[in-house]
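To keep things clear, I will list the structure first and then write my remarks on it.
The values are calculated or read from the model by the stated rules, or taken from the named source; none is laboratory data. All values reported here derive from a predicted model rather than from experimental measurement. A quick note on method: Cβ atoms are made from the backbone with ideal geometry, for glycine too, and the neighbour counts reach across all protein chains shown.
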Amino acid sequence: MIISSDLTNRCYTQDDLARRQSTFTSPLETRDPFERDYGRIVHSASFRRLQAKTQVIGSEAGDLHRTRLTHSLEAAQIARSIVIFLNAHDPKLGADFSLDVSLLEAAALAHDLGHPPFGHHGEQALHDCMYRYGGFEGNAQTFRILSRIEGDKVVGLNLTRALLYSIVKYPIILDDAISKSTNKEHPPKANIYKVDEEAFHWMMEPLTQEEKNYYMETKTTEEGFQKTVRKSWECSLLELADDIAYVTHDVEDAINLGFIHSSTLTQILSSFPGFEKHFLRTDHFKYDLKQLISAMISYFVFGVELKENEIDANSARLKYRVELMKERFELLRILKQLVIDEVVYSQTVQTMAWKGRFVVKQLFEAMMNEPNLLPHNDRLTIKKGISTAEKARVVCDYISGMTDSYAMKMYQQLFGRGDGAPFIPHL
């Protein structure tokens, strides 16, 4: 993190620095707006809960592999590296027009806040439960947490507009993304629930109609969903950093835990230049593997390019995008598929995933039938006489915020599979 107050950066306008609600700023404050965003995210309860949420491999497999928290920290470090690389080497960027390091680090730390317990399998379970009530999607839950749930109940953490742009990967309302599709198994990719569209419209306010149409353009997927095809340039950078962190560090975990043999990785890398000098010695295996993973990250970071979009946009958010060189993107794709085939669909992970989906659905049904199982403030909200859909959203918010271990403990307490130890739920 670089602490600075550079007010001469033409990349960010006053619209980008704006917040939904004006707040008092101490005359002693030395942080710029993006530094304050960073602090608000780091000190949030939602960020702390990531330490006990599944990344790919559940907590049952051990305690040394990645969680959502360590993944987010590593994604932030990689995002920072990409920003520094682009600012130093891309001719379109310079001292008075550059990407902000703190903004990208803050966005990377926030990008997974909406993921529920048990990873994508928990996400599927909650979407199935919420299908009649507006659906559930991890990215949309992230936007909801930042703009409504965490902090103030009206404006959330009251973050800058640029920060919100950075985490909106799919600028479409979930209901619109579902469109006419009847596919209930997986939620479509969307960043906004219908109930949170006010914050989304505020974020979009400075754009011209042409820019809005360009930003929100969609294509129809095989499942019949509407999926957006563009994102802000910071978000395109963040998505790339997220993918790099995912494939490199999850491959490392998979090798250390025996899901993937190291020879499989070295065989893949032998087709790409620059990895010939790396050997995995038996007596220095973990050190050598760490060096190889580091080299892979550098290979990706140094292959990032800044491209101009085909639109005469006023906002730098839409004028540029970040891409990976074709050959390096192919390695990224191969490694991602390797993790999916050998880890995500392994018997061990699928067994834990099935259990996670079952637990989430059981908790949702129980709390919908008995609101007294909810925390005090949620019970007060329900007693005001809200609709069934609003009640379901309250239950969904509570369950999605749980860690894996907390969800399991509550399940055990409710359904008699625990060890009899007292369980004190969050109030």
Open item on the list: Just the residues that are crowded, with 17+ Cβ neighbours inside 10 Å and in contact (Cβ under 8 Å) with a residue 24 or more places away in the chain, please, taken from segment 362-390.
Closed with: Leu363, Phe364, Met367, Met368, Leu373, Leu374
TODO: Only one of these is β-branched (Val, Ile, Thr) and in contact with a helix residue (DSSP H, G or I) (Cβ under 7 Å, 6 or more places away or on another chain): Thr221, Thr160. Name it.
DONE: Thr160
Open item on the list: So, Arg379, is that one among the charged types (D, E, K, R), outside the structural domain of Ile145 (by TED's automatic domain parsing) and more than 19 Å from Ala125 (Cβ to Cβ) or not?
Closed with: yes
Task: Subset of segment 119-150 that is of a type in the set (A, V, I, L, M, F, W, C) and within 21 Å of Met352 (Cβ to Cβ) - its residue that is nearest to the chain's Cα centre (by Cα) - done: Phe136
Task: From Thr348, Thr388, residue being at pLDDT below 95 and on the phi < 0 side of the Ramachandran plot - done: Thr348
- [ ] Name the one entry in Arg161, Arg144, Arg148, Arg132 that is basic (Lys, Arg) and within 22 Å of Thr25 (Cβ to Cβ).
- [x] Arg161
- [ ] Could you list, in sequence order, all residues of segment 261-289 that are surrounded by 10 or more Cβ atoms within 10 Å (Cβ to Cβ), of a type in the set (Ser, Thr, Tyr) and assigned to a helix (DSSP H, G or I)?
- [x] Ser262, Ser263, Thr264, Thr266, Tyr287
Open item on the list: Would you confirm whether or not segment 175-193 contains a residue that is touching a helix residue (DSSP H, G or I) at 6+ places or on another chain (Cβ under 6 Å), of a type in the set (D, E, K, R), surrounded by fewer than 23 Cβ atoms within 10 Å (Cβ to Cβ) and not assigned by TED's automatic domain parsing to the domain that holds Phe358?
Closed with: yes
Task: Filter result for Arg148 (in contact with a helix residue (DSSP H, G or I) (Cβ under 7 Å, 6 or more places away or on another chain), among the basic types (Lys, Arg), crowded, with 21+ Cβ neighbours inside 10 Å and in the same structural domain as Glu239 (by TED's automatic domain parsing)) - done: no
Open item on the list: If I filter segment 290-318 down to residues being basic (Lys, Arg) and surrounded by fewer than 15 Cβ atoms within 10 Å (Cβ to Cβ), which single residue comes out as farthest from Gln337 (Cα to Cα)?
Closed with: Lys307
Task: Long-range neighbours under 9 Å by Cβ, at least six apart or interchain, first residue without any contact (Cβ under 8 Å) to a residue 40 or more places away in the chain within segment 248-259, second part of a helix (DSSP H, G or I) and surrounded by 22 or more Cβ atoms within 10 Å (Cβ to Cβ) - done: Ile255/Leu265
TODO: Any chance you could count how many residues in segment 206-237 are out of contact with any strand residue (DSSP E or B) (no Cβ under 8 Å at 6 or more places or on another chain) and either among the β-branched types (Val, Ile, Thr) or without any contact (Cβ under 8 Å) to a residue 24 or more places away in the chain (or both)?
DONE: 5
